[in-house]
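Written below as structure tokens is the structure these notes are about.
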Amino acid sequence: MYKEYYIRKSFKFDASHAVKINGTTEVPHRHTFYVSITYKGKKNQDGIIVDFKDLNEFIKRDILSVLDGRDLNKIFSNPTTENIAEFIWSKAYDFNKDIQLTEVRVCETQDSCIYIKENNK
Ligand SMILES: [Zn+2]
């Protein structure tokens, strides 16, 4: 049996935004955005895909430092959860060339989430 190994890291950040929809901009408001990023990889000689410590440091340095506590309208022309997820995908993609990013999920409430998934077609 061939097994695939995945590693998933979840984290959250607080930020405010006002999304433009059909030319109308919402009233600015805050969310705690819940994020998870998932990679597929192979176990190395130590029996791990990648060190969680390295992944945590990467997330803090390259993602949270940009988004946490910010007014997202100063970073995105339209800070939809889709655009936030796309930004996180583009950052997370470059974390480690030995593992493959397969999914980014961003939830703006407990039950409202956007997913981006790999598509090898
Ligand atoms: Zn919102």
Item to check | Pairs where the first residue, in the range 8-34, is over 17 Å from Asn83 (Cα atoms) and assigned to a strand (DSSP E or B) and the second is more than 10 Å from the ligand (Cβ to nearest atom) and small (Gly, Ala, Ser), C-beta under 6 Å, 6+ apart | outcome: Arg8/Ser36; Ser10/Ser36
Next on the checklist: Of all residues being under 22 Å from Lys74 (Cβ atoms) and away from the ligand (no atom under 16 Å from the Cβ) in the range 1-23, which is surrounded by the fewest Cβ atoms within 10 Å (Cβ to Cβ)? Just the residue, please.
Outcome noted: Gly23
Checklist entry - Looking at (1) within 16 Å of the ligand (Cβ to nearest atom); (2) loosely packed, with under 13 Cβ neighbours inside 10 Å, which is the one condition that is false for Val35? => result (2)
Item to check | Residues that are over 9 Å from the mean Cα position of the chain (by Cα), over 30 Å from Val27 (Cβ atoms) and hydrophobic (A, V, I, L, M, F, W, C), drawn from the range 69-121 | outcome: Phe95, Ile99, Leu101
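If you scan the range 40-97, which residues turn out to be among the β-branched types (Val, Ile, Thr), crowded, with 16+ Cβ neighbours inside 10 Å and part of a helix (DSSP H, G or I)? Talk me through it step by step, then tell me what you get.
Of the range 40-97, the ones among the β-branched types (Val, Ile, Thr) are 48-50, 59, 63, 66, 75, 80-81, 84, 88.
Remaining after also requiring crowded, with 16+ Cβ neighbours inside 10 Å: 49-50, 59, 63, 80-81, 84, 88.
Ile59, Ile63, Thr81, Ile84, Ile88 - these are the residues of the range 40-97 that are among the β-branched types (Val, Ile, Thr), crowded, with 16+ Cβ neighbours inside 10 Å and part of a helix (DSSP H, G or I).
Only one of Asn83, Asn56 is more than 16 Å from the ligand (Cβ to nearest atom), on the phi < 0 side of the Ramachandran plot and out of contact with any His (no Cβ under 8 Å at 6 or more places or on another chain); which?
Details: Asn83 fails: more than 16 Å from the ligand (Cβ to nearest atom).
Asn56 is the lone residue from the list that is more than 16 Å from the ligand (Cβ to nearest atom), on the phi < 0 side of the Ramachandran plot and out of contact with any His (no Cβ under 8 Å at 6 or more places or on another chain).
None of the figures in this text is laboratory data; all of them are computed from the coordinates on show. Being a predicted model, the structure only gives us computed values, none of them experimental. We place every Cβ from the backbone using ideal geometry, glycine too, and count neighbours over all the protein chains shown.
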